Amino acid sequence: MTPTPVPPVPTLHSLRALGAAQQPRWPDPDALEAAVAKLRSVPPLVFAGECDDLKGKLAAVARGEAFLLQGGDCAETFEGVTADNVRNKLRVLLQMAVVLTYAASVPVVKLGRLAGQYAKPRSSEDETRDGVTLPAYRGDAVNGFDFTAASRIPDPQRLVEVYHCSAATLNLVRAFVTGGYADLRQVHTWNTDFVRDSPVGRRYEKVGKEIDRALTFMQAIGADPDEFHRVDFHSSHEALILEYEHALTRIDSRTQQPYDVSGHFVWIGERTRQLDGAHVELLSHIRNPIGVKLGPSTSPDDAIALAARLNPDNEPGRLTFITRMGAGRIRDRLPELVEKVTAAGVSVGWVCDPMHGNTFETASGYKTRRFDDVIAEVQGFFDVHRMLGTWPGGVHVELTGDDVTECVGGGEALLEGDLGNRYESACDPRLNRVQSLELAFLVAEMLREATPTNIPDA
Ligand code: PEP
Ligand code: CO
C-alpha cells in the first residue's frame, strides 16, 4: 500500500501555536534555542528501518497473532543510567517474555519503556511541602527531583542530557540483546539472586528446564543454535516535550518520510491527546508506530477521531490504543469503546496499562498501587475482549528489575508499612522483580485461555 504523501512536518513554532498541554515554562529562550540546535545536529538514536520492523510486529499484535509486552520505569533518571540498572530491567522483561511465550505459545513483542522515558505529565503545576510551594518535578528531562527552588527551574540543557542518557542505555541494551546475554539458552542465568529462591522464581526454573529440553530437541533435529542467540527488543517513551521530539524528527534517507528517531515507538499520554493539540499534530506526521493512552473519559468518538487523524490510511501496526481505565471501571468503560472502534473498521492494537488507573496515596503519603488491582484490570481487559471476540493485544507495565517496595501485595504480601523500606521511584510506583514475574505467570494463564492452542500448565 502506498501511504498518502505526508505533508511537511510543521515547524516548532507552528506546533507551539496550536497549544500543547503539559509543557515546561522554560525561563531562558536563548538557552532553549541552543539546546534545540544541538539536538537537531546529533545522530539518530534509532533507524527508521527498525521502526518499520516494529510496526510489522505490532501489525501482528493488531491481527491477534502476537502479544506486546511493554515495560520499564515510570520515569527514568539520569542517575539510573548504570549497567546494573539497565541489565536488571532488561532481565526481568526477558524473563516475563519467556514465561508468556512459553505458556501461551504466542510470539511476544518486547518493547522497553526506556532509553527516553524522562519527561512526565503532572496533575498539578506545583508541589507544596510544609507550606513551601515550588514547580512540580516534570522528569529529569525538565528539572531536578530535589525540592529546592534552584533544582525545580526548568533547564533545557537537560534535554541534551536525555539524548546522551538514552544513547548510553540503548547502546547497552543493543549489546545485551545481540551479544549473547539474551540468548534463550541463558534462561537460567537470568533467574538470579533474590528471585531464584522465591516461589515464583522456582516456578520460573521449571519453565526454564522445559525450555532447555525444547532447545535440545530443536538442536537434535537440526535447528541452528544461533537462532536462539539474539532477541528483538525495541525502545519506547512518551513523546511529551515538543522541543525534544521535534528536534529528533528527521527525514529518512531511504523513504523520504519523517520519523521521530528518539525511540522506535512513541506514545501520546492521556493528558496530551487533544485532537487539535500539538502532540497529535506532531505524531500525525511521523511514520513510527505510535500509541495513545486512553483513560476512562474517552468516548468511542474520541478514539475513532484520533485514529482518523493519526492513521488515516488505517495502516496495520501504526496505531496502538493503550487503555488505562482502572480496575473498578474497565468492565464498564472498555466494552463500548472496543465495540465501536472495531465496528468503525479501525485497525488498532489493544493494550492494557493496568497501572495508571489504579494509583492511590497511603495515609503516610506514599503513592502506591495494589498488585490485586493491577491483576484485576488485566483480567477485566481479557474478559471484555473475549466477550467481544477481539484480541487482548498486550500489557504496558511500570516495573523495575530491583527489589523495591513501591506497590503493595503480590506473593510477598508487601504491606503499606513496608513501602518506606525501599521506595525509589522518581514518579509512579513500579512492580518489583518478583511482582513482575508473578504478573507474567498470571497474564500467561489468561493468554492461554485466550488462544485456541491447548498447552499444558507452566
Ligand atoms: C505514564 O505512562 O507514566 C502516564 C503518565 O500515563 P497516562 O498518560 O496514561 O496518565
Ligand atoms: Co507512570
In angstroms, what radius of gyration and Dmax does the chain have, counting Cα atoms only? 21.3, 70
Scan around LEU431 for amide H atoms under 5 Å from its own, H built in the peptide plane at 1.01 Å from N, and keep only partners 5 or more places away or cross-chain. GLU398, LEU399, THR400
Roughly speaking, what % of Cα-Cα pairs in segment 93-224 are separated by over 21 Å, rounded to a whole number? 61 percent
Just the ratio, please: alpha-carbon radius of gyration of segment 19-160 over 2.2 N^0.38 Å, N its number of residues. 1.31
Which of the pairs LYS110/LYS206; LYS206/LYS340; LYS120/LYS209; LYS57/LYS89; LYS55/LYS206; LYS55/LYS89 have their Cα atoms more than 31 Å apart in this structure? LYS206/LYS340; LYS120/LYS209; LYS55/LYS206
FRET efficiency for LEU442 and GLN157, Cβ-Cβ distance as r, R0 = 30 Å, nearest 0.05? 0.10
Given N residues in segment 163-283, what is Rg(Cα) / (2.2 N^0.38 Å)? 1.49
Would you mind getting the accessible area per residue of segment 261-378, heavy atoms of the protein chains only, 1.4 Å probe, in Å²? 32 Å²
About the Cα centre, and with charges only on the beta carbon of Lys, Arg (+1) and Asp, Glu (-1), how big is the dipole of segment 67-209? Nearest 20 debye, please. 840 debye
Lys/Arg +1, Asp/Glu -1 at C-beta; the chain dipole; positive extreme among PRO258, VAL378, ALA220: ALA220
Report the Rg/Rh value for segment 284-343, based on alpha-carbon coordinates and the Kirkwood definition of Rh. 0.98
Send over the semi-axes of segment 90-139's equivalent ellipsoid, whole angstrom and largest first, taken as the square roots of 5 times the C-alpha gyration tensor eigenvalues. 40, 11, 9
For segment 292-359, which whole-number percentage of the solvent-accessible area (1.4 Å probe, protein heavy atoms only) is attributable to carbon and sulfur atoms? 46 percent
Calculated from DSSP H runs of 4 or more alone, at -39500 (n - 2.57) each and per residue, what is the 222 nm mean residue ellipticity of the chain, nearest 500? -12500 deg cm²/dmol
Using Cα-Cα distances under 8 Å and only pairs 6 or more residues apart, what relative contact order does the chain have, in percent? 22 percent
Among GluC sites (Glu not before Pro) in segment 1-95, those in a DSSP loop whose Cβ has at most 14 other Cβ atoms within 10 Å are GLU65, GLU79
For segment 197-260, take the convex hull of the Cα atoms, compute a quarter of its surface area, and give me that in nm², please. 8.8 nm²
Starting at 0 and stepping by 10 Å, how many percent of the alpha carbon pairs of segment 315-435 end up in each bin? 14, 41, 27, 15, 3
Within the accessible area of segment 145-269, what % is carbon and sulfur when the probe is 1.4 Å and the other protein chains stay in place? 56 percent
Could you please state, rounded to a whole Å, how far the C-alpha centre of segment 277-320 is from the C-alpha centre of segment 133-212? 27 Å
For segment 70-118, what's the relative contact order in percent, using C-alpha pairs closer than 8 Å and at least 6 residues apart? 66 percent
Express the accessible area of segment 139-190 per residue in Å², computed with a 1.4 Å probe while the remaining protein chains stay in the model. 40 Å²
Within the chain: Cβ-based charge dipole about Cα centre, in debye rounded to nearest 20 (Lys, Arg +1; Asp, Glu -1): 640 debye
Residue separation times 0.36 nm, minus the C-alpha to C-alpha distance between ARG213 and ASP126: what's the value? 25.7 nm
One-quarter of the Cα convex hull surface for segment 33-99, in nm²? 7.0 nm²
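The values are calculated or read from the model by the stated rules, or taken from the named source; none is laboratory data. Remember, it's a predicted structure, so these values are computed and weren't measured experimentally. Glycine also receives a Cβ, built like all others from the backbone with ideal geometry; neighbour counts cover every protein chain displayed. The area values use the complete protein model at the heavy-atom level, side chains included, leaving out ligands, DNA and RNA. Shrake-Rupley method; radii C 1.70, N 1.55, O 1.52, S 1.80 Å.
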